[in-house]
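The values are calculated or read from the model by the stated rules, or taken from the named source; none is laboratory data. This is a predicted model, so every value here is computed, not measured. Here the Cβ positions follow ideal geometry from the backbone for every residue, glycine too, while neighbour counts run over all protein chains shown.
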Amino acid sequence: MWIGIDDTDSIQGGCTTYVATEVIKELGKEYDLIGYPRLVRLNPNIPWKTRGNGAIALHFGYGYGKKFEVGCIGKKIYAYSHGKNIDAKEVFDVVASIIEKNAYMDDERTNPAFVICSRKPPYSFYKKVVRSIASIEEAKSIAKKCYYKAYKNGRGIIGSVAAISWKPYDRTYELLTYGKEKWVDENSVIKMDKRSRSCFDNYD
């Protein structure tokens, strides 16, 4: 069972990856994470993005096969290489509750959504979303075979479907940490952004 989540954050704060950690903590009490959690980057030039235009995909099931550590959320988090399907209906209300608690609903630019699918949507949809612009109607047409909930204008459904449909032909890894204090010096990021020739969008 795949869960795609997008557009829960805002310029003022929040982070969809943080929402993902809350989903992992809650669903991990009963189910297993299958493979690594996925932070999928989409078209960086979309005018409606809140910050980095990333969406999340999580794969849950009853795990079997190789077990490996993927992170730590108070305790070590493990995933399995394979998993047996679970019923999407069993987790729908749990995921909805986590998003409704953590999403920045008051921000007019924040339009969350989540999608729960037993099968991955076509990879072609991800390719379109990362290279151009897809419509809410296109995403809903694909999501009609899944369970989903879209809040406000529903734009988050595009990234939610695209995150699930991504295939890991090419990947990198990100280490994310959360804390009460900001420990990265702002000026150092600006300096790095000016010097770097191999990456972009470091300072928003």
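Residue count for the range 41-76 satisfying the condition of being assigned to a strand (DSSP E or B), out of contact with any Ser or Thr (no Cβ under 9 Å at 6 or more places or on another chain) and in contact (Cβ under 8 Å) with a residue 12 or more places away in the chain: 7. Taken over the range 92-132, residues that are modelled with pLDDT of 95 or more, β-branched (Val, Ile, Thr) and not in a helix (DSSP H, G or I) amount to 2. Kindly provide the set of residues from the range 164-189 that are at pLDDT 75 or above, in a loop (DSSP other than H, G, I, E, B) and closer than 30 Å to Ser118 by Cβ, ordered by number. Hits for the range 164-189 are Trp166, Lys167, Pro168, Tyr169, Asp170, Arg171, Thr172, Tyr173. Exactly one residue out of Pro168, Pro122 is loosely packed, with under 14 Cβ neighbours inside 10 Å, more than 22 Å from Leu27 (Cα to Cα) and touching a residue at least 60 places away in the same chain (Cβ under 8 Å): that is Pro168. Just one of the listed residues (Ile98, Ile77, Ile116, Ile86) is surrounded by 15 or more Cβ atoms within 10 Å (Cβ to Cβ) and either charged (D, E, K, R) or closer than 20 Å to Ser10 by Cα (or both), namely Ile98.
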